[in-house]
Amino acid sequence: MILKRFLPNEQVKSVLEIRPEDLKARGIKGIITDLDNTLVAWDVAMATPEVTAWFKLMTDHEIKITIISNNKEERVKLFSEPLNAPFVYGARKPLGQAFKKATKQMGLERDEIVVIGDQIMTDVLGGNSAGFYTILVVPIVETDGKLTKINRKIERRILGWMRKKGMITWEEE
Ligand SMILES: [Mg+2]
């Protein structure tokens, strides 16, 4: 079933709910995460103290994090560098190249990495297609850049369908 490609392995409200202990217990050693509306709102330039603490928590538990974003170099670099986090900008998710690059850079295997993001059309589809375990988060804010709007429309239909089938556990606020 083609729609399976859009279905995340797991859904959480926020990345902050993802705990290093749980990841480690499952043999996970690395995270590939989206930036906009996953870590902070798309129009917020820098990490919040909570997100900074979450990065530190993961690093303290020896879990590597790479940020991959379809956004521009300037945006991704400015956000990632203060966190000392490796990043890939202009990632062209859902295409697989950036995922491959991040995996290679972290020196890990695919099954040792989880992919986190707020968008089904890019993060989940891309992560699933490349063979990763995917975690969907609720977007931090509803508003978005222009390009994302079209994706969101399609996404809402898929989400609605999944909700009907009982595949989505969290409720829309
Ligand atoms: Mg996003």
Per-region count, region 48-82, residues open to solvent by 30 Å² or more (accessible area, probe 1.4 Å) and at negative phi: 21
Hits in region 110-126 (condition: assigned to a strand (DSSP E or B) and either within 13 Å of the ligand (Cβ to nearest atom) or of a type in the set (D, E, K, R) (or both)): Val115, Ile116, Gly117
Sole exception among (1) open to solvent by less than 70 Å² (accessible area, probe 1.4 Å); (2) at pLDDT below 95; (3) within 13 Å of the ligand (Cβ to nearest atom) for Ile140, by number: (1)
Elements of type helices (runs of 4 or more DSSP H) in region 1-88, at least 3 residues being within 16 Å of the ligand (Cβ to nearest atom) and under 16 Å from the mean Cα position of the chain (by Cα): 73-80
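The values are calculated or read from the model by the stated rules, or taken from the named source; none is laboratory data. Bear in mind the structure is a predicted one, so any value in this text is a computation, not a measurement. Quick reminder, even Gly has a Cβ in these numbers, built from the backbone with ideal geometry, and neighbours come from all protein chains shown. Ligands, DNA and RNA are stripped out before the accessible areas are found, and what is left, the full protein with its side chains, is counted by its heavy atoms. Shrake-Rupley method; radii C 1.70, N 1.55, O 1.52, S 1.80 Å.
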